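First up is the structure itself, then whatever we jot down about it.
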């Protein structure tokens, strides 16, 4: 397939996705004065919008010279962006937060990034990768948790969980499952409840 055909397929796919997104939008009704604001619904359109925001934030982070190449996880829920992962210094945390806030469609940024404790050897990086894989597998095996919404990052045996889940019970259960995995020294729980 030549480049022209690839671009055509990509364009048609993008237009289709945007059309589906528009169909999933819900109309906001005028609230009665003094009545509590109704809970916003998550629609197909909202989900696609959140995916687009996540992609734009990741691209902006990769393009930035200060945070380029850092392993920052990005999760989005109804325009609220959660950044997590381990970084070298506070400057990188501040810059990543500023970059994410500057992306069109971002309503709020939750900064759950953690500073790295010390340098890590190649053996420790391999061990951390194995621990991450074990934690992800344990979360997948747990039926009461929607683990696809949880990001797992490990540094020196310390596991950071982030993402958006349905309720506090899922947050607590995910942390318990992660703590039960062999090799996990500590769990940093940075998960949030979906709004």
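The rows are residues; the columns are (1) at pLDDT 85 or above; (2) assigned to a helix (DSSP H, G or I); (3) in contact with a strand residue (DSSP E or B) (Cβ under 7 Å, 6 or more places away or on another chain).
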{"residue": "6", "(1), (2), (3)": "no, yes, no"}
{"residue": "14", "(1), (2), (3)": "no, yes, no"}
{"residue": "23", "(1), (2), (3)": "no, yes, no"}
{"residue": "29", "(1), (2), (3)": "no, no, no"}
{"residue": "53", "(1), (2), (3)": "yes, yes, yes"}
{"residue": "57", "(1), (2), (3)": "yes, yes, yes"}
{"residue": "62", "(1), (2), (3)": "yes, yes, no"}
{"residue": "69", "(1), (2), (3)": "no, no, no"}
{"residue": "74", "(1), (2), (3)": "yes, no, yes"}
Practice item. Provide a single number: the residues in the range 148-185 that are within 17 Å of the chain's Cα centre (by Cα), part of a helix (DSSP H, G or I) and either surrounded by fewer than 19 Cβ atoms within 10 Å (Cβ to Cβ) or at pLDDT below 85 (or both). Key: 3
Exercise for review: Report whether or not residue 157 is in the same structural domain as residue 61 (by TED's automatic domain parsing) and either in contact (Cβ under 8 Å) with a residue 40 or more places away in the chain or at positive phi (or both).
Suggested key: no
Check your understanding: Residues in the range 99-128 that are more than 19 Å from residue 162 (Cβ to Cβ) and at pLDDT 90 or above: how many?
Key -> 3
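The values are calculated or read from the model by the stated rules, or taken from the named source; none is laboratory data. Only a predicted model underlies this, so the values are computations on that prediction, with no experimental measurement involved. Cβ: placed from backbone, ideal geometry, glycine included. Neighbour counts: every protein chain shown.
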